[in-house]
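Read through the structure below, which is laid out as structure tokens, and then see the notes.
The values are calculated or read from the model by the stated rules, or taken from the named source; none is laboratory data. Note that the structure is predicted; figures quoted are calculated from it, not measured. Note that each Cβ is placed from the backbone with ideal geometry, even for glycine, and that neighbours are counted across all protein chains shown. These area figures cover heavy atoms from the full protein model, side chains too; ligands, DNA and RNA do not enter into them. Shrake-Rupley method; radii C 1.70, N 1.55, O 1.52, S 1.80 Å.
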There are 2 protein chains.
Amino acid sequence: MGILGGTGDQGRGLAYRFLRAGHDVFVGSRSVERGEQAAASLAVLPHVVGRVVGDDNARAAEAADVVVVAVPWDGHAETVDGLRPALTGKIVVDCVNPIGFDRQGPYALRVPEGSAAEQAASLLPSSRVCAAFHHVSAVLLADPAVDSVDTDVLVLGDDREATDLVQALAGRIPGMRGVFAGLLRNAGQVEALTANLIAINRRYKAHAGVRVTDV
Amino acid sequence: MGILGGTGDQGRGLAYRFLRAGHDVFVGSRSVERGEQAAASLAVLPHVVGRVVGDDNARAAEAADVVVVAVPWDGHAETVDGLRPALTGKIVVDCVNPIGFDRQGPYALRVPEGSAAEQAASLLPSSRVCAAFHHVSAVLLADPAVDSVDTDVLVLGDDREATDLVQALAGRIPGMRGVFAGLLRNAGQVEALTANLIAINRRYKAHAGVRVTDV
């Protein structure tokens, strides 16, 4: 698996959990050095089973069949667009949250394409773009003492085979469950809901996640 | 409590649950007759404890200090705008979901104000507008055999006293819990998430709700 933006909190946390679950992970960053540093720091964490390699985002995209996009929203379009050839035919899992902050706290940014995932899909017409892993707490992911990450992962996409695979990937992480949550055109509100979870975290001093009941 | 649109599935279901919890409920509809019919049909349901009266939306708005708006999105702006005097100074709980349907299923409608709740707030500058009860399953609410409705209710608003009260109201319904989920400007994605829950219901043959973990 490749993780673009593997040096950020969310990407690094997901890399750690997939390494614990026995997956080999290719961690990408904007610079080779930072990718290598991230991989080196992940490799020595407790409970790591899989093998981790670090490089730049382009190499991480080339090296894997499933590529997680966890870059900051700011550089999302540029990064994704630049990797179009490397991502052709691959399952691309966008987990980017277009969120802004001001004095009043977090808020959802308007995205012309509707969502980060739809932006990725429009830039990557030959990739199989899904959206998932928006609401995972980076703090819990990164904490070696946390054995189980108690949350559902809402998985969106128009390609059933791809969403099934991403759901199964989520299910590899103890405590997580992948739940299909609609077509890609309904990804915007799932990304934006991260603003609500941040507001909840602030009010309740929590690391909030989401569970879907009756499923 | 007043419920505007108390003859619709969501409004009627909420009315039933609040009646079971011992609240008196004033059920409004576009016509006096339909409001009265709804009240009469609610009054004879099992486990009803509170007193229910039916009339038109204007009377329901006048009669109560807390008014739930559960009208169809189509008539939302018009209904709310027409009740401005009656709703002055009151706590208005908007639970309207701007959702469209086509052959591919449900999708979120774009709302110029950002959300139905923000539209209500802009039309009702002298009311205390909150947003809540978007994701409750009308099927479960209406089923007399269901004792506990297993879901969190995300409550949004800029008025802490009002959101506290709405959270407490949600907590009066067995199985429900009111969770503060941000300022009104973050209501749009909560309303839109209903499209995802409908997609989940279709995929899993469920009546999906949402729980927030770690809170």
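Structural remarks
- Only one of the listed residues (A:Ala192, A:Ala206, A:Ala142, A:Ala138) is small (Gly, Ala, Ser) and free of Cβ contacts under 8 Å to residues at least 40 places away in the same chain. That residue is A:Ala206.
- Comparison of A:Gln104, A:Gln37 shows that the only residue that is of a type in the set (S, T, N, Q) and under 30 Å from B:Leu156 (Cα atoms) is A:Gln104.
- Strands (runs of 3 or more DSSP E) within segment A:122-215 that include 1 or more residues surrounded by fewer than 21 Cβ atoms within 10 Å (Cβ to Cβ) and more than 14 Å from the chain's Cα centre (by Cα): A:176-180, A:209-213
- Against the list (1) open to solvent by 40 Å² or more (accessible area, probe 1.4 Å); (2) touching a residue at least 12 places away in the same chain (Cβ under 8 Å), the condition B:Asp102 fails is (2).
- Residue within segment B:25-41 that is over 12 Å from B:Gly54 (Cβ atoms) and among the aliphatic types (A, V, I, L, M) present: no
- The lone criterion from (1) surrounded by fewer than 20 Cβ atoms within 10 Å (Cβ to Cβ); (2) part of a helix (DSSP H, G or I) left unmet by A:Gln119 is number (1).
- Just so you know, in segment B:74-109 the residues that are of a type in the set (S, T, N, Q) and away from every other protein chain (no Cβ under 14 Å) include one that is farthest from B:Leu169 (Cα to Cα), and it is B:Thr79.
- Any chance A:Val111 is part of a strand (DSSP E or B) and open to solvent by less than 40 Å² (accessible area, probe 1.4 Å): no
A quick yes/no check of all residues on (1) farther than 19 Å from B:Asn97 by Cβ; (2) at pLDDT below 95:
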| site | (1), (2) |
| --- | --- |
| B:Ile3 | no, no |
| B:Thr7 | no, yes |
| B:Arg34 | yes, no |
| B:Ala39 | yes, no |
| B:Pro46 | yes, no |
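- Residues located in segment B:145-158, provided they are more than 14 Å from chain A (Cβ to nearest Cβ) and touching a residue at least 12 places away in the same chain (Cβ under 8 Å): B:Asp147
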